[in-house]
Amino acid sequence: MMKKSMIITVMLWAMLFTGCSQKAPNLDVEEGTNNISDSTEIAGDTVAIDENKYGNENSANTDGVNGTQYNSSSDGFQSIYFGFGDYGISSSMENHITTNTNVVNSTNSTIKIEGNCDEFGTDEYNYALGLKRAKAVKESISLQGVPESKMVIISYGESNPTCTRPTDSCYEKNRRVDLRLVK
Amino acid sequence: MKYILFLLVSLNLFAVDASVKIEKDVEHRTRIALVDGSTITNHNFFKILQSDLKISGHFLADKTHHKGDISSSYLLPVLKSKEYVLKYSLAQKSGTKLIIRLLKASDGTEVFKKSYAIPSKNKMPFLAHKAVSDINTVLKYPDVSWMNRYVIYARYTTPGKSEIVLADYTFNYKKSIIKGGLNLFPKWADKDQKSFYYSSYNGLRPILYKMNIYTGQKVKMATSEGMLVCSDVRKDGKKLLLTMAPEGQADIYELDVSSKSTKRVTKFNGIDVNGKYLDDESSIVFVSDRLGYANVFKKGLHASAVSQVVYHGRNNNAVDAHGSKIVYASRESQKSFGANTFNIYLTSSKSTSARPLTTTGTNQFPKLSVDGNVILYIKHRGNGSSVGYINLESQQSLLFPISGRKVQSIDW
């Protein structure tokens, strides 16, 4: 019985020292799967396009017509501000909606409603969040009787900050919807 | 007594086996030294070669920048302890020329020799990547040709303006391909990287373009009010996953490239973005706030049922997939403002378990390589950013600093 135990023990120790074999590397390497074939592709000269002909249409206008510190809209509109991650219109913004509705009703122009975000999170999600904010503003104005066809919405995500300092007050200013006339 | 003996041996077996496996992984990497025979020493090129060898997961490169004659097969005695020696000579008189010789360290036998020449001086890093990729092939190691590819990314330059940039994976080479205007979300259109899709926000409505990087030829693919992003391209290039909002509501659509027709894939009143093809490309993984916060879900392209993929974290707002592999970024801290900790996790469409790949800092934009073996991500820490790579098989990881404004989106 003792001899049997010893044999089993020795076998177990033998397995221990042998260990598990390393997985053999894949020998079926496919050649030429990269995009450089002895310098022909990488030597190809890529273009360099300059679109600086596009002006500052999308730049935030911090000199709001009504002269308040917190307004990056133009043409008499007032920007709407949002809480972190939110896209509902808060009660404190309702008078801004009323002001904006009056401005819309005073013009025949199309209104551009721009959704914006602070810099947190990935941009694709932020573009969608900015769009939800713009849509919420559009719907609030249309509830006041303005035809939806008079308004166009777009999201600029985190691309158009009015403030770039890493402070809470800066982030608040960037979580907004701006309105302006389409010219 | 014999049972106690058996138990003790079994426990010891598992404990020692784990440590033996780790040691074996380190030992399995080929020890290689670099010998520079260039007339003018370029220490940056040496560092790029070292990074390439390390991230391949197959080499343990000597940190010393040895110098020596490239044409001779003589090797310093100190190099005999290696398995291979890579002798190279870099010249940048007109364009860039690189000659490499791979020698066996034991006796100086030449295993491989090749020369490379390109007219550009700026593209020098690509010659290093190509050399290491070729050496991997010659030694019959698993393919690492992903390191030869361009990385394409967008970054904001000033409020309302951006540029799209081509780079090598180390970001030593960078070239602005579109500057000015607001052009975002670049995405490679084909595996040969001849064209890419991007969103132009220069007008009233975003437009999706496809551009050839060599000719500059631009083709309009789609337009949508509000928002338009190409988040994935099917492997055969014939279909795209888009986030678009034709009625002001962002959802995921699939676009047929030849007919330009679109089919809606998700229907939700909140936010659905970042669709990626999954498994055999008959289903997708995507980010949605349908639970009240950003999280990762999956659904069949032609089915309505949606199922949750990630069951931890309160903000999982970026995802990528390759086959059944899924990587995502998860917010680990709860600050409403200021920098939060984001970490990258790896999971699978076949399992609910996930493991973290990073532990500190703000780690975002996880992207799997074209072969699914390496993850690219962006790490923000303090005032700086880096591009990071994690080799999933070898566990090797590298960080390269990125200068300039932070990355808006990236693809490789």
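Each reported figure results from applying straightforward, stated rules to the coordinates on display, with no laboratory input. The structure displayed is predicted, hence computed values, not measured ones. Note that we place each Cβ from the backbone using ideal geometry, even for glycine, and neighbour counts take in every protein chain shown.
One table, with the values for the structure above:
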{"quantity": "Contour minus Cα-Cα distance for B:Leu204 and B:Lys263 (0.36 nm per residue)", "calculated": "18.9 nm"}
{"quantity": "10 Å Cβ neighbours from other chains, averaged over peptide B:177-184", "calculated": "6"}
{"quantity": "Hits among aspartates and glutamates - C-alpha to C-alpha of B:Lys87 under 16 Å, sequence gap 8 or more where chains match", "calculated": "B:Asp36, B:Asp52, B:Asp62, B:Asp69, B:Asp107, B:Glu110, B:Asp134"}
{"quantity": "Shielding by partners - mean other protein chain Cβ count within 10 Å, residues of B:160-166", "calculated": "4"}
{"quantity": "Separation in nanometres of the label points that stand 7 Å from Cα toward Cβ, at B:Ile40 and B:Ser348", "calculated": "5.1"}
{"quantity": "Size of charge dipole - region B:150-411 - debye, nearest 20, with Cβ of Lys, Arg +1 and Asp, Glu -1, no other charges", "calculated": "480"}
{"quantity": "Whole-angstrom gap from region A:119-171 to region B:211-253, using each part's C-alpha centre", "calculated": "21"}
{"quantity": "Stretch gain in nm, segment B:Tyr311-B:Asp107, where the contour uses 0.36 nm per residue and the Cα spacing is subtracted", "calculated": "67.8 nm"}
{"quantity": "For B:Tyr389, B:Tyr141, A:Tyr127, B:Tyr169, order by how many other beta-carbon atoms lie within 10 Å, fewest first", "calculated": "B:Tyr141, B:Tyr389, B:Tyr169, A:Tyr127"}
{"quantity": "Entries of B:Lys194/B:Lys263; B:Lys63/B:Lys187; B:Lys123/B:Lys239 with Cα pairs more than 28 Å apart", "calculated": "B:Lys63/B:Lys187; B:Lys123/B:Lys239"}
{"quantity": "Coil-residue trypsin sites (Lys or Arg not before Pro) of region B:92-145, DSSP, other Cβ within 10 Å capped at 15", "calculated": "B:Lys93, B:Lys121, B:Lys140"}
{"quantity": "Overall form of chain B per C-alpha gyration tensor (a/c, 1.5; a/b vs b/c)", "calculated": "oblate"}
{"quantity": "Dipole magnitude (debye, nearest 20) for region B:161-300, charges at Cβ of Lys, Arg, Asp, Glu", "calculated": "340"}
{"quantity": "Spin-label proximity, B:Lys194 to region B:204-232 - amide N less than 15 Å from point 7 Å beyond Cα toward beta carbon", "calculated": "B:210-219"}
{"quantity": "Label-point separation, B:Gln217 to B:Val138 (7 Å along Cα→Cβ), nm", "calculated": "3.8"}
{"quantity": "Spatially proximal lysines relative to A:Lys183 (Cα-Cα < 26 Å; intrachain offsets below 8 disregarded)", "calculated": "A:Lys53, A:Lys112, A:Lys132, A:Lys135, A:Lys138, A:Lys150, A:Lys173, B:Lys161, B:Lys179, B:Lys220"}
{"quantity": "Under-24-angstrom lysine pairs by C-alpha in region B:275-365, whenever the two are 8 or more apart or on separate chains", "calculated": "9"}
{"quantity": "Most to least packed among B:239-245, A:161-167 [average Cβ atoms within 10 Å]", "calculated": "B:239-245, A:161-167"}
{"quantity": "Within straight-line cross-link reach of B:Lys267, aspartates and glutamates at Cα separation under 15 Å, skipping those fewer than 8 residues along the same chain", "calculated": "B:Glu247, B:Asp251, B:Glu254, B:Asp289"}
{"quantity": "Sites A:Glu139 and B:Phe400 - FRET efficiency at Förster radius 56 Å, r taken between beta-carbons, to 0.05", "calculated": "0.80"}
{"quantity": "Sum of -39500 (n - 2.57) over DSSP H runs of 4+, divided by residues of chain B (222 nm, nearest 500)", "calculated": "-4500 deg cm²/dmol"}
{"quantity": "Nitroxide proxy distance, nm - points 7 Å out along Cα→Cβ at A:Glu148 and A:Ser109", "calculated": "2.4"}
{"quantity": "Relative contact order of chain B, defined on C-alpha pairs under 8 angstrom at six or more residues apart (%)", "calculated": "9"}
